[in-house]
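The values are calculated or read from the model by the stated rules, or taken from the named source; none is laboratory data. This one's a predicted model, so the numbers in the text were calculated from it and none came from an experiment. Cβ placement follows ideal geometry from the backbone for every residue including glycine, while neighbour counts extend to all protein chains displayed. Quick note on the areas: whole protein, heavy atoms, side chains included, nothing else; ligands and nucleic acids left out. Shrake-Rupley method; radii C 1.70, N 1.55, O 1.52, S 1.80 Å.
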Amino acid sequence: MLEEYGLKRVTLDLPFRLDHVNCFLAEGENGWTVIDAGLHNEQTVKRWEAELRGKNITDIIITHYHPDHFGYAGGLQAKYNARVFMSETDFNAALNAWDEPFLDELSNNYLLTGIPEAQADKMLNNTREFVPIVSPYPRVDHFLQEGDMIPIGKYDYKVIATPGHSDGLVTFYNNETGMLLSTDHILPKITPNISYWFHGDPNPLARYLESLDKIKELDANLVVPSHGDPFHGANDRIAEIKAHHYERLDQTLASIGRGNAVYEVCERLFQKELTVHEMRFAVGETLAHLEYLRYKGECKREISDGKYWYYL
């Protein structure tokens with residue numbers, strides 16, 4: 001399907017329950033563009049070596065700073081001397097997310113959510129384990145901004161800032177074909193994780209819902225996501241995702257009860273066994289929903305016994 005647009009999907013394996021990420025290759029006038037890079041691990045390096053053999057790689061576009069998209073960007077750039085494009089917001093987020101001062105503070109932040117200390121230590125160690133698979137960091141040659149037009153394959157695409165899943169996530173839209181490269185903003189089968197990670201925008205869920213409304217105005221026909229297969233009808237999927245979050249907000253509000261810590265609310269919302277990695281996302285998403293409710297005035301927060309306490 002994508003060949004007619006001058007795109008090739010390169011699906012890379014991931015060692016998580018979400019077991020893949022879709023990256024893309026596009027041929028331009030002077031060489032090839034890589035869109036997202038995967039993790040910097042041996043498996044990814046070998047896959048890209050096979051995919052890029054004999055190709056002149058001129059540009060690398062990174063849609064957001066999460067490891068499965070950003071991780072091998074620096075390695076690819078060093079290998080091919082390519083230019084790297086991404087948003088300044090997410091490049092700064094990447095510089096912060098695995099930096100030692102932030103990691104040193106992360107354990108205290110986890111304790112603020114009410115996570116037991118042993119579990120908080122495991123979650124911190126899980127975050128530290130990402131350092132080698134997101135480094136070396138790339139040199140960013142151009143910071144993508146809202147409204148930029150960039151060639152991808154056979155068409156020019158408009159850069160659209162869609163914060164939520166990350167503060168600086170960008171998507172790409174071609175008006176002529178009605179195609180949206182949605183990255184992790186809109187996915188066909190699962191809802192993108194919207195978490196507060198103790199840095200950046202304090203109300204990411206509000207930004208995400210606003211971004212969905214922004215994309216809804218395009219009424220995109222074909223959506224090409226970073227996880228799962230391309231699908232038609234962006235607005236139908238947007239309606240489903242928004243309905244999910246409004247239902248989740250109702251569940252979150254009910255889970256506060258007479259007052260609860262973030263971790264206790266999280267356990268009520270995620271009633272299944274989670275890996276340490278998954279627990280990081282579950283806590284982050286719970287916190288994002290609680291903060292959305294707090295900013296709307298539907299609950300309050302104070303610090304009690306060294307942890308956030310939410311109450312109605």
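I'd like to know if the range 233-250 contains one or more residues that are open to solvent by 50 Å² or more (accessible area, probe 1.4 Å), of a type in the set (D, E, K, R), out of contact with any Pro (no Cβ under 8 Å at 6 or more places or on another chain) and under 20 Å from TRP309 (Cβ atoms). Checking the range 233-250: not a single residue is open to solvent by 50 Å² or more (accessible area, probe 1.4 Å), of a type in the set (D, E, K, R), out of contact with any Pro (no Cβ under 8 Å at 6 or more places or on another chain) and under 20 Å from TRP309 (Cβ atoms). Every residue in the range 188-198 that is crowded, with 21+ Cβ neighbours inside 10 Å and either more than 24 Å from ASP19 (Cβ to Cβ) or in contact with a strand residue (DSSP E or B) (Cβ under 7 Å, 6 or more places away or on another chain) (or both), please. TYR196, the sole residue that qualifies.
Assessment of the range 208-229 against the conditions (more than 27 Å from LEU112 (Cα to Cα), more than 18 Å from the chain's Cα centre (by Cα) and open to solvent by less than 10 Å² (accessible area, probe 1.4 Å)) yields at least one matching residue. Scanning the range 178-216 for residues that are farther than 14 Å from GLU285 by Cα, touching an Asp or Glu at 6+ places or on another chain (Cβ under 9 Å) and of a type in the set (S, T, N, Q) returns a single hit, THR183. A single member of ALA26, ALA78, ALA93 is assigned to a helix (DSSP H, G or I) and either open to solvent by less than 60 Å² (accessible area, probe 1.4 Å) or within 24 Å of THR171 (Cβ to Cβ) (or both), and it is ALA93. Screening GLY38 on (1) outside any loop (DSSP other than H, G, I, E, B); (2) at positive phi shows it passes everything except condition (1). Test VAL45 against the criterion of being outside any strand (DSSP E or B) and aliphatic (A, V, I, L, M), and give yes or no. The answer is yes for VAL45. Determine whether TYR263 is touching a Leu at 6+ places or on another chain (Cβ under 6 Å) and more than 30 Å from ASP36 (Cα to Cα). In short, no.
ASP201 meets the conditions (1) under 16 Å from GLU291 (Cα atoms); (2) open to solvent by 50 Å² or more (accessible area, probe 1.4 Å); (3) in a loop (DSSP other than H, G, I, E, B); (4) free of Cβ contacts under 8 Å to residues at least 60 places away in the same chain in every case but one. The failed one is (2). Among the residues of the range 15-45, which ones are at pLDDT below 95 and not charged (D, E, K, R)? Residues satisfying the conditions are PRO15, PHE16, LEU18, GLY28, ASN30.
VAL34 passes every criterion in (1) touching a residue at least 24 places away in the same chain (Cβ under 8 Å); (2) over 29 Å from HIS199 (Cβ atoms) apart from (2).
I'd like the residue in the range 43-74 that is surrounded by fewer than 19 Cβ atoms within 10 Å (Cβ to Cβ) and among the small types (Gly, Ala, Ser) and, out of all such residues, is nearest to the chain's Cα centre (by Cα). Among residues in the range 43-74 that are surrounded by fewer than 19 Cβ atoms within 10 Å (Cβ to Cβ) and among the small types (Gly, Ala, Ser), the one nearest to the chain's Cα centre (by Cα) is ALA50.
Here's a check for you: in the range 257-310, which residue that is over 20 Å from PRO204 (Cα atoms) and aliphatic (A, V, I, L, M) is most open to solvent (accessible area, probe 1.4 Å)? Looking at residues that are over 20 Å from PRO204 (Cα atoms) and aliphatic (A, V, I, L, M), I get ILE303.
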